[in-house]
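Working notes for the structure below.
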Amino acid sequence: MFNIKIIVQYDGTDFCGWQIQPNLRTIQGEIYKAVQKIYSKKITIYGCGRTDAGVHALGQVANFRIPKMLVPIEKVHVALNSCLPKDIRIISAEIMPENFNARASANFREYLYIVYNGDISFPFYERYAWFYRKNIINEKLINKYAKYLIGEHNFTSFCSTEDENDSKFRYIERVFAIRKKDNIYFIIRGNAFLHNMVRIIVGTLVEGQRKNKPLNFIEEIIKEEDRTKALVTAPAHGLYFRKAFFY
């Protein structure tokens, strides 16, 4: 068997998320159909991050196993792209060891969130950034708040009540915000994430600075272990799966 790792980019606007669902358009489902067209085999696609409806990806990682190489590995991405819709693209493909699994082998996942903090809601940003004009965002204050997220914590307060993970403990390696003109870019890297966790973190940081919350308010929210204590959930369309790290 050949274990193929692929890097995937997609515009998540018109998808019902990553994971295959009956009678719904999903990224995993479209890739599955493309692989089947080429190899005529039932395969399993493993994804590093199960992005929700409307969430995008710049460097999603996935893998699948095939019995033989019908296409040279350097042409696999070209072959798959010829079978995929225009809002999904395979950027690269490579053969990995048999034990590689895009989900289980990843040490860290990194997400990007974009907030557009300008005066006019341009059409482009309606699909790819959160248009926020309640105040001029203070990214320096946000970065002071964000320090309290670093490390391992119980993130019950920062996940959807629909999250089905038994453990709510996750490790955050880095989280920060930078401004480039009217855009605020959030980078969040962790070992894994709960349902809606990144979006709730971003929404809480943004609303926290608007309300001028005390510096330790994130720490207090974490201690409560109660979703109602965190603030808003940022919209899906500003979120991107940026990359995965394998050590």
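Pull out the extension gain between Asn165 and Cys83, defined as 0.36 nm times the separation in residues minus the alpha carbon to alpha carbon distance; nm, one decimal.
This chain segment gains 26.1 nm when fully extended.
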*Measure off 7 Å from each Cα along the Cα-to-Cβ vector at Tyr247 and Asn191, then give the distance between these two points in nanometres to one decimal.*
1.1 nm
*Hey, with R₀ at 30 Å, roughly what FRET efficiency would Glu225 and Asn99 work out to, going by the Cβ-Cβ distance, to 0.05?*
0.25
*PRE reach from Ser40 (point 7 Å along Cα→Cβ): which of the range 62-82 fall under 16 Å by backbone N?*
67-71
*What's the longest bit of the chain with no exposed GluC sites (Glu not before Pro), using DSSP loop states and at most 16 other Cβ atoms within 10 Å as the test?*
1-97
*At a Förster radius of 22 Å, what calculated FRET efficiency corresponds to the Cβ-Cβ distance of Arg174 and Asn154, to the nearest 0.05?*
0.70
*Where in the range 23-54 does the label zone of Phe2 land, with the point 7 angstrom along Cα→C-beta and an amide N cut-off under 15 Å?*
35-41
*Mind checking which aspartates and glutamates have their Cα closer than 14 Å to the Cα of Lys213? Skip sequence neighbours fewer than 8 apart in that chain.*
Glu139
_Take the residue pairs Lys211/Lys243; Lys144/Lys211; Lys41/Lys243; Lys147/Lys223; Lys5/Lys243 and return only those whose Cα atoms are more than 20 Å apart._
Lys211/Lys243; Lys41/Lys243
*Have a look at the DSSP beta bridges in the chain and tell me what percent are antiparallel, nearest 5.*
90 percent
*When only Cα pairs under 8 Å and 6 or more residues apart are kept, what is the percent relative contact order across the chain?*
24 percent
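Values in this text are rule-based calculations from the coordinates and carry no lab data. None of the values given here were measured: they were computed from a predicted structure. All Cβ positions, even for glycine, are placed from backbone atoms using ideal geometry, and neighbour counts span all protein chains on display.
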